[in-house]
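Peer 1: What follows is a single structure, and I will ask about it in a moment.
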Amino acid sequence: QVQLVESGGGLVQAGGSLRLSCSASGRTFSRYAMGWFRQAPGKEREFVAAISASGGTTSYTDSVKGRFTISRDNAKNTVYLQMNNLKLEEAAVYYCAAQIYGNRRNEYEYDYWGQGTQVTVSS
């Protein structure tokens with residue numbers, strides 16, 4: 001069992017930056033690939049970024065490449081999402097999720113989810 005708690009959301013102007021954190025309980029964090037997803041009002045939840053259990057492999061949705069960076073610290077049981085040059089349309093609730101095995105871009109193949117953290121982007 002893994003419990004995930006996101007933090008770091010808030011209000012930021014377009015073009016600004018935020019760093020989200022996701023802290024995990026338990027001693028098996030390093031076994032899980034981790035992903036970040038987001039859901040804007042009235043839209044489906046979408047994949048943002050993922051990182052392998054070791055941290056050696058990362059993947060991103062095309063729209064955030066070059067602006068967002070996912071990383072993890074297995075000693076601290078934490079995964080991060082550094083978001084730079086945020087756009088208005090990226091306002092959403094951001095969720096982290098943990099996966100033992102599967103397609104990291106597919107939300108249905110994740111085993112555990114956090115409650116989400118709100119990111120608001122103003123003009």
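The values are calculated or read from the model by the stated rules, or taken from the named source; none is laboratory data. Since the structure is predicted, the reported quantities are computational estimates derived from the model, not experimental observations. Positions of Cβ are backbone-derived with ideal geometry, glycine not excepted, and every protein chain shown enters the neighbour counts. For accessibility, only protein heavy atoms count, side chains too; no ligands or nucleic acids. Shrake-Rupley method; radii C 1.70, N 1.55, O 1.52, S 1.80 Å.
Peer 1: Which of the residues spanning region 72-123 are open to solvent by 60 Å² or more (accessible area, probe 1.4 Å), among the hydrophobic types (A, V, I, L, M, F, W, C) and closer than 26 Å to Arg31 by Cα?
Peer 2: Answer for region 72-123, where residues must be open to solvent by 60 Å² or more (accessible area, probe 1.4 Å), among the hydrophobic types (A, V, I, L, M, F, W, C) and closer than 26 Å to Arg31 by Cα: Ala75, Ile100, Trp113.
Peer 1: Return the residues of region 3-38 that are in a loop (DSSP other than H, G, I, E, B) and loosely packed, with under 15 Cβ neighbours inside 10 Å; say none if nothing qualifies.
Peer 2: Gln3, Ala14, Gly15, Gly16, Ser17, Ser25, Gly26, Arg27, Thr28
Peer 1: On the basis of being of a type outside the set (Asp, Glu), open to solvent by less than 60 Å² (accessible area, probe 1.4 Å) and not in a strand (DSSP E or B), does Val48 make the cut?
Peer 2: The answer is no for Val48.
Peer 1: A follow-up question, please. Looking for whichever is closer than 19 Å to Tyr108 by Cβ and among the small types (Gly, Ala, Ser) here; the options are Ser59, Ser21. Which one fits?
Peer 2: Answer to the selection: Ser59.
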